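What follows is a single structure, written as structure tokens, with notes after it.
The values are calculated or read from the model by the stated rules, or taken from the named source; none is laboratory data. As the structure is a computational prediction, the values presented were derived from the model and not from experiment. Don't worry about glycine lacking a Cβ; one is built from the backbone with ideal geometry, like all the others, and counts go over all protein chains shown.
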Amino acid sequence: MKKFLIIFLALLTLSGCAPREEKASETIFCMDTVMDIQIWGQDAQTALKQVKTLLQELEATWSANDGKSFLAALNRGEVKPNAEQQALLDRAEELSRYTGGAFDPKLLSLMQLWGFASEIYHVPDEAEIKKVMKDGRWDLGALIKGYAAERIVQLLEPLKVSRAVMNLGGNVQTYGNKPDGTAWRVAIQNPNGGDPVGMVSVEGSEAVVTSGNYQRYFIGDDGKRYHHILDPQTGAPADNELSSVTVLCADGAKADALSTALFVMGLEKGSAFWRQNPGFEVVFVTQTGEVYATEGVNLSHCEFEVLSRED
Ligand code: AMP
Ligand code: MG
């Protein structure tokens, strides 16, 4: 009896000391998109506050369209990057080389020419495209949300956060494991609306990033849809069989740059690129609704064709 009492008291003391876990969540508008953040941990509210501050700082630094940002000043030739800023610019150039130029972080003038910045849309002719094509003004729109997710993970690591999940406008980032040991399940949006295409399961910290022709677009006078992912070779929206590409990768900025680049490459070149390069997995969705998933993806709730390394 005495022994039981001691064990009971010991358990009571332990549970009394166990830190209480709280959940903090918020939906904010930042970087031109809606962001949903959920954090669990001992001091989740403080962590959430820090995450929001970081997102706002990154937006103020890297927005291509806010004239007051560091990037806008850099594009005007008024400032020099500090070491941290230079590291991100170098990384963007490196990802551009890695993807054979399909990811191009210097397409701002083209994006403005098509009217994606002002939302006063215009279908330019070849001469107009040629004129601005190589003027080299930075636009990190295809990478910055993934980079932000990566920085958030670094910020959470020393804090008493047990797990977190956030959707930064199509960039989902998970952090930590669920207490019941089950995987995070991330829905892949249906490019045509309605139920998700399927669900991918991921464990621990992973970026799940989608680029699609349905995210930002306009319909021209010719009835054609012109979307916001440009093929750097033509200066026009990438025109292939895809409607979305989802990339799964531990590295957020790389996942983001790759989702854009693989969209530009199309299904055939994109899957060949995956076969040649380790470290990430992909789900391609075509305009006719077929789904292709590389062999490392844990995809459920949909029918799909598996792409294997040996094909
Ligand atoms: P994402 O939604 O990540 O695919 O990024 C699309 C955004 O990146 C666009 O809104 C542009 O600001 C920019 N962008 C468009 N085409 C490209 C490209 N081929 N490479 C890099 N950035 C691009
Ligand atoms: Mg991207």
Exercise for review: Output the qualifying pairs, or none if there are none: Cβ atoms under 6 angstrom, residues six or more apart or on different chains, first residue in region 296-311 and within 15 Å of residue 269 (Cα to Cα), second residue not in a strand (DSSP E or B).
Suggested key: 307/271; 308/295; 309/275
Check your understanding: Say we look at region 201-225 and pick out the residues that are of a type in the set (Ser, Thr, Tyr) and within 13 Å of the chain's Cα centre (by Cα); which of these is nearest to residue 165 (Cα to Cα)?
Key -> 210
Review point. List pairs: first in region 208-219 and basic (Lys, Arg), second part of a strand (DSSP E or B), Cβ under 9 Å, 6+ apart or cross-chain?
Key: 216/227
Check your understanding: Checking residue 219 against (1) within 16 Å of ligand 1 (Cβ to nearest atom); (2) farther than 25 Å from residue 35 by Cα; (3) among the aliphatic types (A, V, I, L, M), which test does it fail?
Key -> (1)
Exercise for review: Enumerate the pairs (first residue in region 141-166 and within 15 Å of residue 61 (Cα to Cα) and among the β-branched types (Val, Ile, Thr); second residue anywhere and surrounded by fewer than 22 Cβ atoms within 10 Å (Cβ to Cβ) and modelled with pLDDT of 95 or more) with beta-carbon separation below 8 Å, excluding pairs fewer than 6 apart on the same chain, so at least 6 apart or on different chains.
Suggested key: 144/31; 144/58
Review point. Of (1) touching a helix residue (DSSP H, G or I) at 6+ places or on another chain (Cβ under 6 Å); (2) aliphatic (A, V, I, L, M); (3) within 10 Å of ligand 1 (Cβ to nearest atom); (4) over 16 Å from residue 236 (Cα atoms), residue 92 satisfies all except one. Which?
Key: (1)
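Okay, residues lined up against (1) assigned to a loop (DSSP other than H, G, I, E, B); (2) without any contact (Cβ under 8 Å) to a residue 24 or more places away in the chain:
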position	(1), (2)
81	yes, yes
85	no, no
102	yes, no
117	yes, no
Check your understanding: What is the number of the single condition among (1) touching a strand residue (DSSP E or B) at 6+ places or on another chain (Cβ under 9 Å); (2) more than 30 Å from residue 153 (Cβ to Cβ); (3) among the charged types (D, E, K, R); (4) more than 13 Å from ligand 1 (Cβ to nearest atom) that residue 295 does not meet?
Key -> (2)
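Can you find even one residue in region 237-249 that is outside any helix (DSSP H, G or I), more than 25 Å from residue 193 (Cβ to Cβ), more than 9 Å from ligand 1 (Cβ to nearest atom) and touching a residue at least 40 places away in the same chain (Cβ under 8 Å)?
Of region 237-249, the ones outside any helix (DSSP H, G or I) are 237-249.
Of the ones still in play, those that are also more than 25 Å from residue 193 (Cβ to Cβ) are 249.
Those left that are additionally more than 9 Å from ligand 1 (Cβ to nearest atom): 249.
With touching a residue at least 40 places away in the same chain (Cβ under 8 Å) added as a condition, the list becomes 249.
Within region 237-249, one or more residues are outside any helix (DSSP H, G or I), more than 25 Å from residue 193 (Cβ to Cβ), more than 9 Å from ligand 1 (Cβ to nearest atom) and touching a residue at least 40 places away in the same chain (Cβ under 8 Å).
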Check your understanding: Being closer than 23 Å to residue 235 by Cα, away from ligand 1 (no atom under 16 Å from the Cβ) and of a type in the set (Gly, Ala, Ser), is that true of even one residue in region 127-146?
Key -> yes
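Please return the ranges of strands (runs of 3 or more DSSP E) entirely within region 129-199 where 2 or more residues are hydrophobic (A, V, I, L, M, F, W, C). Let's see the steps before the verdict.
Working: elements: 161-168, 171-175, 184-188.
Strands (runs of 3 or more DSSP E) meeting the threshold: 161-168, 184-188.
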Study note, to complete from the structure: Given the conditions (1) surrounded by 22 or more Cβ atoms within 10 Å (Cβ to Cβ); (2) among the aromatic types (Phe, Trp, Tyr); (3) over 22 Å from the mean Cα position of the chain (by Cα), every one holds for residue 121 apart from (1)
